[in-house]
Amino acid sequence: MDKRNCIVGIISCASTLCLVFGAISKSWWKFVSLNLEIGLLSITTQEGTFYRSSILKFYSLDDPRGVEKDIILILIIIGGGFSLLSFFIAVFLPCFGNGPCWFCGCTILFITTLLAGGCSLAASIFAEINFKSDWKQSEHGYSAQLTWAGSVLCVITFISSFLILCRTPDD
């Protein structure tokens, strides 16, 4: 296996893990003074953890910001899916051989990493813009930081896949 493909595969795997854990973890917004952590799926207080009842329904009576959280969650899921797909493409890229099949595999890798980076960055930027007032009152929890790390890793994977696309397999 080519060293470049291995690097893209490892970074893509790491970005997928960051995005998955960023989506399911419970600390997007951390209110230290209130001892409160709010995630995309739950709210954790001193009394315990309470899970949202309207996840991915785009309608919420119990959580007024639930629809926006669902949008972030959907973007992370799509970005993580493309990141996982790019991992498998990077791993199996040497099986495409030389010539047109290899170029097709590199093009698909380039497109999937572009979509993974775009969706994950869109989720992070959407959260920063739409929850600006919440960020002023709280700290970024580890879930938000993991999602940002996954987004940056997706962009690095995209740049690496572009470099793979620009070279021929005989190099």
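A few points about this structure:
- All positions within segment 117-134 that are touching a residue at least 60 places away in the same chain (Cβ under 8 Å) and either closer than 23 Å to GLY9 by Cβ or buried (at least 24 other Cβ atoms within 10 Å of the Cβ) (or both): SER120, ALA127
- Qualifying residue in segment 64-78 (condition: more than 29 Å from ILE156 (Cβ to Cβ) and either modelled with pLDDT of 90 or more or assigned to a loop (DSSP other than H, G, I, E, B) (or both)): yes
- Check on ASN35, of a type outside the set (Gly, Ala, Ser), at negative phi and over 18 Å from the mean Cα position of the chain (by Cα): no
- Enumeration of residues in segment 135-160 that are in a helix (DSSP H, G or I), modelled with pLDDT of 85 or more and loosely packed, with under 15 Cβ neighbours inside 10 Å: ILE159
- Just one of the listed residues (LEU114, LEU93, LEU163, LEU109) is of a type in the set (A, V, I, L, M), within 16 Å of the chain's Cα centre (by Cα) and either surrounded by fewer than 19 Cβ atoms within 10 Å (Cβ to Cβ) or part of a helix (DSSP H, G or I) (or both), namely LEU114.
- Among all positions in segment 11-27, there is at least one residue which is closer than 15 Å to SER143 by Cβ and in contact with a strand residue (DSSP E or B) (Cβ under 8 Å, 6 or more places away or on another chain).
Yes or no, residue by residue, for (1) crowded, with 17+ Cβ neighbours inside 10 Å; (2) closer than 26 Å to THR113 by Cβ:
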site	(1), (2)
GLU37	yes, no
LEU40	yes, yes
ILE43	yes, no
GLN46	no, no
THR49	no, no
PHE58	no, no
ASP70	yes, yes
ILE78	yes, yes
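- Some residue of segment 76-84 being among the hydrophobic types (A, V, I, L, M, F, W, C) and closer than 22 Å to LEU165 by Cα: yes
- Segment 135-160 - residue that is among the polar types (S, T, N, Q) and under 13 Å from the mean Cα position of the chain (by Cα) and, of those, farthest from ILE11 (Cα to Cα): SER143
- Residue pairs meeting the criteria (Cβ under 8 Å; at least 6 apart or on separate chains; first at positive phi and surrounded by fewer than 24 Cβ atoms within 10 Å (Cβ to Cβ), in segment 1-28; second assigned to a helix (DSSP H, G or I) and modelled with pLDDT of 90 or more): none
The values are calculated or read from the model by the stated rules, or taken from the named source; none is laboratory data. Everything numeric here is computed off the predicted structure, so don't read it as measured data. Cβ atoms come from the backbone with ideal geometry, glycine included; neighbour counts cover every protein chain shown.
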